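In what follows, a single structure is set out as structure tokens and then discussed.
We did not get these values from a lab; they are worked out from the coordinates using the rules stated. From a predicted model like this one, the values you see are computed outputs, not experimental measurements. Because the Cβ atoms are built from the backbone with ideal geometry, glycine has one as well, and the counts that use them run over all protein chains shown.
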Amino acid sequence: MKRIVLADDHAIVRTGVRAVLERLGKGMEVAAEIENGKELVTYAKAHPTDIYVVDISMPVMNGIEAVEQIIKHNPAAKIVMLSMYDDRMSVEKSLKAGARGFIVKVCAADEIVDAIEEVNAGRFYLCSKVSKYIVQGFLGKTTSRKRDGSGLTPKEKEVLQLIAEGYSSKQIAKTFNLSLNTIHVHRNNIMKKLGIHKQTELVRFAIKEGIAQL
């Protein structure tokens, strides 16, 4: 069973998501329902769970801040962000904080199940209403400056793949049995070669070039 924590300050939303998971989710159970970000962080530290479904707008501590703290404590935590809004800023802030999925509340009910399955499998998931930003990013970032991934060494491509998949520098260093400083050197070299200086642009480039998959 995949254990899921629902964090949303509206009981009716939690009830609705729970009902969808009970009806459509296979092997899914709701382990806890939480009303604010601070309580979520406290719970996550004491009771690590398979998947967290987190609303952006919550009292005491908002969802993005809560996700940042959860990821800081447990970099492997798998989080799907839930939001009333489908703006680019909310999506980018959520992914930057460490969420690996983003669902707009008006999306089809089965998308929350798909998101949980994909994120649980270690992949990313953006619902249909926000996936357009990824496409727009591909189209807009390559017009003014050509970037060719062929200039990267095989090791740099491997490092870039893990960066794009949300691994921290410490996790990447452990994966390759390298020092943290060596990973920082690889990261700096990648950015210099590609002319990219932001994490979100690195992710877009890696997906566009087929180095990483969403």
Going by a ≥ b ≥ c, the root eigenvalues of the Cα gyration tensor, does the chain fall in the rounded group (a/c under 1.5), the prolate group (a/b larger than b/c) or the oblate group? prolate
Which residues qualify? For ILE79, with a placed amide H closer than 5 Å and at least 5 residues away or on another chain, they are TYR52, ARG100, GLY101
So between GLU29 and MET1, what do we pick up on full extension, going 0.36 nm a residue minus the alpha carbon distance? 9.4 nm
At a 10 Å Cβ-Cβ cut-off, how would you order LEU24, LEU6, LEU95, fewest neighbours first? LEU24, LEU95, LEU6
I'd like the distance separating the alpha-carbon centroids of the stretch 182-211 and the stretch 10-40, in whole Å. 36 Å
Order of ILE183, ILE207, ILE12 from fewest to most other C-beta atoms within 10 Å? ILE12, ILE207, ILE183
For a 25 Å ceiling on Cα separation, which of these pairs sit above it: LYS157/LYS198; LYS45/LYS78; LYS2/LYS157; LYS129/LYS155; LYS2/LYS72; LYS38/LYS105? LYS2/LYS157; LYS129/LYS155
Listing ILE196, ILE34 from the residue with the fewest other Cβ atoms within 10 Å to the one with the most, what is the order? ILE196, ILE34
List the trypsin sites (Lys or Arg not before Pro) in the stretch 1-35 that DSSP assigns to loop (not H, G, I, E or B) and whose Cβ has at most 13 other Cβ atoms within 10 Å. Which are they? LYS26
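Just want to confirm a number: the relative contact order over the chain, from Cα pairs under 8 angstrom separated by 6+ residues, in percent. Kindly include the intermediate steps, with their values, before the conclusion.
Details: 316 pairs, mean separation 31.6, N = 214.
Relative contact order of the chain: 15 percent.
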